[in-house]
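I have placed the structure first, in the form of structure tokens, so that the comments after it can refer back to it.
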């Protein structure tokens, strides 16, 4: 029958949902990073909130050199959110944009494997992108620093660059003009 467990939400909704300024900011971020809906943005914001909350607690308890602090810093460094020489106070400067830059969808687009951010999402969802030879189908997958160089196509695909499309259209127009000239001449 399966397990009767319930899955928890992985995001926190804003306290005031209908604030115009926040909605506009979220819309620009969703368009910039090709997010499907606000939940994906809220999930990223929640991850950053939790990290910042933990850092504040550790700073307040004067346990900067404790194992918990080292674990938090190492995790954020592994994902490339912090530089190697970061301290707990640097965690407080993290933003949602920093985390959105580490998503698989964004990295696939920035590496040039897709022509647009939306095409990157489609390639991932349809199983064309792999990390170290293993297919990934989650656009929100957080890419670690050591995995970034291992991102490639899982199976061969023909993607035309926008310049190539323009050249093909120009060639077709020229061919049509030549064909018309032969018919008329």
Of (1) modelled with pLDDT under 95; (2) within 29 Å of residue 27 (Cβ to Cβ), residue 97 satisfies every one except (1)
Just checking, how many residues over the stretch 120-132 are in contact (Cβ under 8 Å) with a residue 12 or more places away in the chain, within 15 Å of residue 157 (Cα to Cα) and part of a loop (DSSP other than H, G, I, E, B)? 2
Might you let me know whether the stretch 12-35 holds any residue that is over 18 Å from the mean Cα position of the chain (by Cα), under 22 Å from residue 138 (Cα atoms) and not assigned by TED's automatic domain parsing to the domain that holds residue 124? yes
From 94, 82, which residue is within 25 Å of the chain's Cα centre (by Cα), in contact (Cβ under 8 Å) with a residue 40 or more places away in the chain and either surrounded by fewer than 12 Cβ atoms within 10 Å (Cβ to Cβ) or under 30 Å from residue 116 (Cβ atoms) (or both)? 94
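Here's the yes/no breakdown for (1) in contact with a helix residue (DSSP H, G or I) (Cβ under 6 Å, 6 or more places away or on another chain); (2) under 30 Å from residue 153 (Cβ atoms):
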site: 43; (1), (2): no, yes
site: 75; (1), (2): no, yes
site: 80; (1), (2): yes, yes
site: 87; (1), (2): no, no
site: 90; (1), (2): no, no
site: 105; (1), (2): yes, yes
site: 109; (1), (2): yes, yes
site: 118; (1), (2): no, yes
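The values are calculated or read from the model by the stated rules, or taken from the named source; none is laboratory data. Note that the coordinates shown come from a computational prediction; the quantities given were computed from them, not determined experimentally. Note that each Cβ is placed from the backbone with ideal geometry, even for glycine, and that neighbours are counted across all protein chains shown.
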